[in-house]
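Every number in this text was worked out from the coordinates using simple rules, so none of it is lab data. Fair warning: this is a prediction, and the values are worked out from it, not measured in the lab.
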Amino acid sequence: MFILYLTAVIISLAYLALGFGINKENAKYLLAGYNTMGEERRKKFNIDKYLAFFKLFFKRLAFFPVPSLLICIAAFEFNVAIVAWSLVQMLPFLFFAKKSIWNQWEL
């Protein structure tokens, strides 16, 4: 049980690190998609607007793993709770993918 709580805390810290760690200078190396764009397309891409969305998303997401774990443990048997929690962790990324793909980040 301790390992599960520790996992949730580590995931939260990883999300927080992404929210604070990615910036305009290192995005060229760390952001998937942006790091493979050609220089011309990168100039058209509104990295400031995208990073504002990206950083806010991950900072908020950092508060999701622990409470969602507690809810799953309260609602289900332990083995089912682990699977449910694992699946629930993917839900915010559906929103992230939709917002990242469908928004026009180009100037």
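Assorted remarks:
- Against the chain, whose longest principal axis comes from its Cα atoms, helix 78-88 is set at around 20 degrees.
- Considering only alpha-carbon pairs that sit under 8 angstrom and 6 or more positions apart, the relative contact order computed for region 1-94 is 36 percent.
- Close amide H contacts of residue 45 (hydrogens built in the peptide plane, cut-off under 5 Å, sequence separation of 5 or more or a different chain): 107.
- The convex hull defined by the C-alpha atoms of the chain has an orientation-averaged projected area of 7.2 nm².
- Rounded to whole Hz, the Karplus (6.51, -1.76, 1.60) HN-Hα couplings of region 42-55, x for glycine and proline: 4, 5, 7, 7, 7, 5, 5, 5, 5, 5, 4, 5, 4, 5
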